[in-house]
Amino acid sequence: MGVVIIDGSTVRSFVDDEVQFHKSADEAFASLDLNNDGVLSRSELRRAFESLRLIETHFGVDVATPPEELTKLYDSIFEKFDCDHSGTVDQKEFRDELKNILLAIADGLGSSPIQMALEDDDQSFLKKAADLEASKLAG
């Protein structure tokens, strides 16, 4: 387990580095595209968000959310990603919305550093942002 310290500039630098950001976003997209058809279906994107368990927990404590409420929430997330309303999310839509999410996180963090404990095999975007910043400082 490792500890990293990041702030908004760490996240913003990662998003601004198009090569690294696109590589990371495209890897995430490929891992979510279970049937390899080049687009994410509603169920593929929902499965990804369910695996994060962001909605079913509150500060690590399980909370009971009615299934219909979860469906409405996941549908609204899908609609946010599906910019052209085609019923699927293509790679560009995924990248664009992921960029918006990460920039919102950067804005929320501002210049206030936070400390994150991460597993060694963690492949989250925030870990990748911290790794990118560390590689620039080391170089």
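See the values below:
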| quantity | calculated |
| --- | --- |
| Karplus-derived 3J(HN,Hα), 6.51/-1.76/1.60, for each residue of the stretch 76-89, Hz, glycine and proline x | 5, 5, 4, 4, 5, 6, 7, 4, 8, 6, 7, x, 9, 10 |
| Extension gain (nm, one decimal) between ASP75 and SER9, 0.36 nm per residue minus Cα-Cα | 20.7 nm |
| Equivalent ellipsoid semi-axes - Cα gyration tensor, the chain, angstrom | 26, 20, 14 |
| For LEU40, residues with placed amide H under 5 Å, excluding near neighbours | VAL89, ASP90 |
| GNM result for the chain, Cα springs below 10 Å: residue of ASP16, ASP75, ASP37 fluctuating most strongly | ASP37 |
| With every protein chain in place, the chain: carbon and sulfur % of accessible area (1.4 Å) | 56 |
| Per-residue HN-Hα couplings for the stretch 21-36 [Karplus 6.51, -1.76, 1.60; θ = phi - 60°; Hz; x = Gly/Pro] | 5, 4, 4, 5, 5, 5, 5, 5, 4, 4, 5, 7, 7, 4, 9, 6 |
| Chain lengthening between SER86 and SER124 when straightened (0.36 nm per residue, less Cα-Cα) | 10.9 nm |
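The values are calculated or read from the model by the stated rules, or taken from the named source; none is laboratory data. All values reported here derive from a predicted model rather than from experimental measurement. The area values use the complete protein model at the heavy-atom level, side chains included, leaving out ligands, DNA and RNA. Shrake-Rupley method; radii C 1.70, N 1.55, O 1.52, S 1.80 Å.
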